[in-house]
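The values are calculated or read from the model by the stated rules, or taken from the named source; none is laboratory data. Given the structure is predicted, the values throughout are model-derived calculations rather than measurements. Glycine also receives a Cβ, built like all others from the backbone with ideal geometry; neighbour counts cover every protein chain displayed.
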Amino acid sequence: MKINKLIAHSSNFNMGRKQKIQFLVIHYTANNGDLAKSNCNYFKLPNRNSSAHYFVDEKEIWQSVEDNDMAWHCGTRGKYYHSSCRNENAIGIELCSEKDRKGNYYFTNETINNAVSLVKILMEKYNIPIENVVRHYDVTHKNCPAPFVNNITAWDNFKNSLTEEYMFVERNYSYNGKVKSFKVINEQGENFIRARDLADLLNKNISYDNKTKITNLDDIFSNITVEVGNKNTTVKAINSGGFNFVKVRDLADVLGYETGYNETNNSIFFNLKKSIIDKLKLLKSR
Ligand SMILES: [Zn+2]
């Protein structure tokens, strides 16, 4: 994942640090559909009185303060609720937020996925244990990041995805002469593909049951509901980084395709099942 950089005005942070980096503090921007880069532009101007190291949106990661400089994101003149996490030893990561019709803030799966990637990189780089990935709320009790304070399951899911290790493999898939390569999870010999990737290949619109869109990350296997036409069908899925990876064979079956292996272009192909073609023919001839 590429990390872009646009360093904030020097009046918005302290050069250097007095302590080594030990914590990653997660925040939200409390905006509706803002962009990581726009936040960096905002902090380019002087006297903002706050700052953060990184901003993450659905598509990009932007850095605003160098890791080894101290940003102002979790300080308070009031009471600290965390024994040791402070601006001096923490990296602040802001997730761009969205607001639903009721005015509740949320993060899109794409933003969460990008944040997971960034946090994993920083955990690795600075040898930060999972328990030192905290919310702003944990430090000062500020309602930040609201989507992870108001919904503790969403926070647990986020943290679980930071430690999940799946084996990703590249696989070629073909349909109607079109061959595409996708990253899939290989779990016990079965391939799980991102539902949207498969939909893209097959030119299908697939919608998810909103309630089950984010399934429990602590269950390795869970079921998600896929809506095909007016029918709801449950398929086996793995949730990783906020994305549902569905079992390729199950989803193909639900959609009325058979799968097979094509040696010539080393791809797993999809064919409409004969029974379904017959049905379509029958309908036409009526
Ligand atoms: Zn915050």
Among the listed residues Glu98, Glu110, Glu94, identify the single one that is within 16 Å of the ligand (Cβ to nearest atom) and in contact (Cβ under 8 Å) with a residue 40 or more places away in the chain.
Glu94
If I go through segment 128-164 residue by residue, how many of them are within 16 Å of the ligand (Cβ to nearest atom), of a type in the set (A, V, I, L, M) and not in a helix (DSSP H, G or I)?
2
Is at least one residue of segment 40-47 over 24 Å from Asp156 (Cα atoms) and within 22 Å of the chain's Cα centre (by Cα)?
yes
Based on this model, can you work out whether Asp100 counts as more than 22 Å from Ala146 (Cβ to Cβ) and in the same structural domain as Asn157 (by TED's automatic domain parsing)?
no
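Table: residues versus (1) polar (S, T, N, Q); (2) in a strand (DSSP E or B); (3) at pLDDT 80 or above.
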residue: Lys236; (1), (2), (3): no, yes, no
residue: Asn244; (1), (2), (3): yes, yes, no
residue: Ala252; (1), (2), (3): no, no, no
residue: Phe269; (1), (2), (3): no, yes, yes
residue: Ser275; (1), (2), (3): yes, no, no
residue: Asp278; (1), (2), (3): no, no, no
Is it fair to say Lys125 is within 24 Å of Glu164 (Cβ to Cβ), surrounded by fewer than 15 Cβ atoms within 10 Å (Cβ to Cβ) and either away from the ligand (no atom under 16 Å from the Cβ) or not acidic (Asp, Glu) (or both)?
yes
So, in segment 48-81, of the ones that are away from the ligand (no atom under 13 Å from the Cβ) and of a type in the set (S, T, N, Q), which residue ends up nearest to Phe13 (Cα to Cα)?
Asn49
Report, ordered by the first and then the second residue, all pairs with beta carbons closer than 9 Å, sequence separation of six or more or different chains, a first member in segment 227-251 that is in the same structural domain as Ala115 (by TED's automatic domain parsing) and under 29 Å from Phe148 (Cβ atoms), and a second member that is at pLDDT 70 or above and surrounded by fewer than 20 Cβ atoms within 10 Å (Cβ to Cβ).
none
State yes or no: is Asn160 out of contact with any Ser or Thr (no Cβ under 6 Å at 6 or more places or on another chain) and without any contact (Cβ under 8 Å) to a residue 24 or more places away in the chain?
no
What are the pairs with Cβ atoms under 6 angstrom where one residue, in segment 133-145, is on the phi > 0 side of the Ramachandran plot and the other, located anywhere, is more than 8 Å from the ligand (Cβ to nearest atom)? Sequence gap at least six, or different chains.
His141/Tyr81
On the given criteria, is Phe192 at pLDDT below 95, crowded, with 19+ Cβ neighbours inside 10 Å and hydrophobic (A, V, I, L, M, F, W, C)?
yes
Of all residues in segment 82-91, how many are within 15 Å of the ligand (Cβ to nearest atom) and surrounded by fewer than 17 Cβ atoms within 10 Å (Cβ to Cβ)?
0
In the set Ile7, Ile21, Ile26, the lone residue that is within 15 Å of the ligand (Cβ to nearest atom) and either modelled with pLDDT of 95 or more or small (Gly, Ala, Ser) (or both) is Ile26
Out of Tyr28, Tyr54, which single residue is within 14 Å of Asn4 (Cβ to Cβ), under 25 Å from the mean Cα position of the chain (by Cα) and touching a residue at least 60 places away in the same chain (Cβ under 8 Å)?
Tyr54
